[in-house]
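For reference, the structure discussed in these notes is given below.
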Amino acid sequence: MALITNWATLRGFLSFSTSVCIKFPRNIFNHQNISTTGRFSTKPSDMELWQNKPKVKLVANRHRKLSLEWSNHLEDMQLSKEDRIGLPQRSLVVSADVLENVSKKEDILDKVEESGPEIDILAEMDEPPVLEPYAQLPLPSYTYTLASYIEQSHTLQKLVELGVDLSKVEKKQGVPSELLKMDFERDIKDKLFFLNSVGVEGEELGNFVTKNPHILLEDVQNLEARVNYLKSKKFTDEAITKIVSRAPYFLSFSVIRVDRKLGYLQQLLHLKGSEVRSVITREPRLVTFKVSRIQENIFILREQLGFQKEDLKTLVVKEPKLLLRGKNRLIGMFDYIYNVMDIPHSVMLHAPHVLHSRLHKLQERHQFLKSIGRDNYDPTQPGYVSLERLTRIPDSVFCEEIAKTPAEDYNAFLKTL
Amino acid sequence: MIGVRTLVQLQNMSIVRKSTTKIVQHAAFERLNGYFAVYKPQDVLPRQVATRVKHALLRDLNALPEGYQESVVSIVPDEARLEHNPSALTAVSVPSIRSHRLVRGPRYKHLKIGIITEGHDLKSSGVMALALRDGVKKVEFYQEARLPSIYTVHGRLGFATFSHDIEGKIVEKSTYDHITKPRLEKVLSGLLRIECIVDLFSFLHRHSGVNIRSQEAYELAARGLLQPSGDIPTLLLDMRCSRFEPPDFEIEIQCLRESAQYLRRVVNNIGLFLKSNAVCIKVRKIQDGPFKLEHSLIRKDWRLDPIIEAVRTCNPLMKTFNLLPLELQKDAVLSQNLVDSNLFREIEDIEEV
């Protein structure tokens, strides 16, 4: 008869009726060669570790003598297939003479107790062998997200403290692998100090790096050169702060490219130096966008919407965002303003912001004003409605100051469209 | 004056702020379960409306405070037992930096949203019912119930277009001086008779699923539940002229299984029957089954708070047993009858005793 058990079943087997504390010779556990750490370091798989519990074999031999076997080798144990998972490396047999002439289970325990120093396996252990392998798990060599490394990486933790959204940064091409090689103190700190000195402060710093993490890969000297270029072009410090915080990618453009784009813009619309500065300060994305978008919008404004060449300059100086508007939206807005609201080019020139508002908002408000007979956009007549304000203000102010009706009426009107 | 206004604004703001900070993310997400209606504007496809509502909801959900911080068990050297045993370890529970919002990203990335209302297209506007999360399962169930919807259709006399829409290419022009409101109403009732009344009996015979000469059919009809179900052709139930100012007119149409383009064709037919031409200016749905105009949210209300409120008011609308498939409706009605009659009998018995 051979009985193979793990600790739990062995305990049940030995103390079936009495609540005796089961004790085993200490040398079973503290045998130097059975070093659990050594075993785990060679085989680090979690699954194995979990299943690696020492197996005990209680054997009655041919001569009807019981022996307790604790083994490491599969061959020693000759286990059935289900039990043949993960065993310690050493085999150790409790000598048969200890267990000689034993008939009752209680007697086994007594004999074992007598044989030397003991430990209590149900008591808490100073050194639980299972915890050690979990203390330092190896890092994954390949991952889809920076979250896998955040617990080990001091740099990433610092960035999160700053307010950088790593879930967005990790989607930028080439950035996450470079970021992992960096050290916060060595590579990142001086760039953040530089950005702070330019005027990006507090929570904005995190947002800035979230939008443009490539700034961390740049050289500080390059960044300084780009800011110095702006200063040499007589941009004030406030203007530079506005430019950098409104278009985080501005500083990623080389001095040559920025210079070329500013020159192009100046030539295209015959702007003066001060006008270029005000336009760029109000819409710095004119530099970071593709030139083709600007070219296309200029073409549309001139050829399709019929603005004169001189008018283009006033339009852009008043509302630089127009050059970045989507093609179809720009045409759709103009179509509604010119054909439905009957507003000529000359009035539009005074309020170019209306070309940059949302079409549905303009439609709703114009139709409401028309239904109450207030759709008068001619500034020469009394009680006219300023186009400039028409779409900029929120609904409550619109109802109160322009339509002069309760907001409920306006909401009810919106449900009849 | 200004002080009063700012005070009112402050009060309004405080109410809004109160409602958003009160609920945490998962509580708000739990409430987004069921049905609500939006007012679909013109020039937006129904699918786009659903997508926009979904993105607005996800944006607002992720802006809410997270209710609890996830924690992980980490194994660290045991400080207390360090002298006694230098390699002593202990397990402690610490807040997990991996599940920080900035590391993990927004918590809610997907939301199941379905369109209940049928019949809308790009140019139509009006009530459009949407289903959220578990409600999506019931969309087919609702559409099988074939509840009537009501439209107001604006038309203009005098010309006809290819697409029967005012923006289409004009193919024909005609005079409309001879048209009066009684004439229009006559045509409408005639159209209805052709389309509906004559057919209704045979229509129900074919599509209601009960024998039209049975007691069962009578019981259903008495409760207004005798209606076609299943895969049926379009059916106009009622048409009446609500406004007539030539060349413009406005008719109210109650119909089943319609599409906006079908109604535009009806307007075109009305023009032809009037010995003139007509095009459709606007198709506007004012009721879809139980969802009415007052339940629908306009575009600026496509936010978390109004939608949670709307879901709460609209969920009971879908619970009425009118939504059951017809077979189950019949069973419900008959069992109700049985219960009623038994109740009466019991009451009579008690009275006799």
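Within the stretch A:391-399, is there a residue that is of a type in the set (Val, Ile, Thr) and within 13 Å of chain B (Cβ to nearest Cβ)?
Yes: one or more hits.
Among the candidates B:Leu226, B:Leu237, B:Leu263, B:Leu220, which residue alone is of a type in the set (A, V, I, L, M, F, W, C) and in a strand (DSSP E or B)?
Residue meeting the stated conditions: B:Leu237.
In this structure, is A:Leu330 in contact (Cβ under 8 Å) with a residue 40 or more places away in the chain and over 21 Å from A:Phe398 (Cβ atoms)?
no
Any residue at all in the stretch B:155-163 that's in contact (Cβ under 8 Å) with a residue 60 or more places away in the chain, part of a loop (DSSP other than H, G, I, E, B), open to solvent by 40 Å² or more (accessible area, probe 1.4 Å) and within 14 Å of another protein chain (Cβ to nearest Cβ)?
no
Check off (1) within 29 Å of the chain's Cα centre (by Cα); (2) modelled with pLDDT of 75 or more for B:Arg81 and give me the number that stays unchecked.
That leaves (1) as the condition not met.
If you scan the stretch A:316-340, which residues turn out to be crowded, with 20+ Cβ neighbours inside 10 Å and of a type in the set (A, V, I, L, M, F, W, C)?
Answer for the stretch A:316-340, where residues must be crowded, with 20+ Cβ neighbours inside 10 Å and of a type in the set (A, V, I, L, M, F, W, C): A:Val316, A:Leu322, A:Leu323, A:Leu330, A:Met333, A:Phe334, A:Ile337.
Name the residue that is surrounded by the fewest Cβ atoms within 10 Å (Cβ to Cβ), counting only residues in the stretch A:405-415 that are in contact (Cβ under 8 Å) with a residue 12 or more places away in the chain and within 14 Å of chain B (Cβ to nearest Cβ).
Among those that are in contact (Cβ under 8 Å) with a residue 12 or more places away in the chain and within 14 Å of chain B (Cβ to nearest Cβ), it is A:Ala407.
Would it be correct to say that B:Val266 is surrounded by 16 or more Cβ atoms within 10 Å (Cβ to Cβ), at pLDDT below 85 and β-branched (Val, Ile, Thr)?
Here the answer is no, as B:Val266 does not meet what is asked.
Select the strands (runs of 3 or more DSSP E) contained entirely in the stretch B:64-151, then report the ones holding at least 3 residues which are more than 14 Å from every other protein chain (Cβ to nearest Cβ) and surrounded by 15 or more Cβ atoms within 10 Å (Cβ to Cβ).
B:113-115, B:125-132
If B:Asp231 satisfies every condition in (1) modelled with pLDDT of 85 or more; (2) acidic (Asp, Glu); (3) out of contact with any helix residue (DSSP H, G or I) (no Cβ under 8 Å at 6 or more places or on another chain) but one, which is the exception?
Here B:Asp231 clears every test but (1).
Give me the pairs, please: first residue somewhere in the stretch B:33-61 and more than 11 Å from chain A (Cβ to nearest Cβ), second residue anywhere and of a type in the set (Asp, Glu) and open to solvent by 10 Å² or more (accessible area, probe 1.4 Å), beta-carbon distance under 7 Å, and either six or more positions apart or on two chains.
Listed by first residue and then by second, the contacts come to B:Asn33/B:Asp134.
Answer yes or no as to whether B:Arg17 is more than 14 Å from chain A (Cβ to nearest Cβ), modelled with pLDDT of 90 or more and exposed (fewer than 11 other Cβ atoms within 10 Å of the Cβ).
no
Which count do you get for residues in the stretch A:389-417 that are in a loop (DSSP other than H, G, I, E, B) and not aliphatic (A, V, I, L, M)?
8
The values are calculated or read from the model by the stated rules, or taken from the named source; none is laboratory data. Everything numeric here is computed off the predicted structure, so don't read it as measured data. No Cβ is skipped: glycine too gets one built from the backbone with ideal geometry, and neighbour counts run over all protein chains shown. For accessibility, only protein heavy atoms count, side chains too; no ligands or nucleic acids. Shrake-Rupley method; radii C 1.70, N 1.55, O 1.52, S 1.80 Å.
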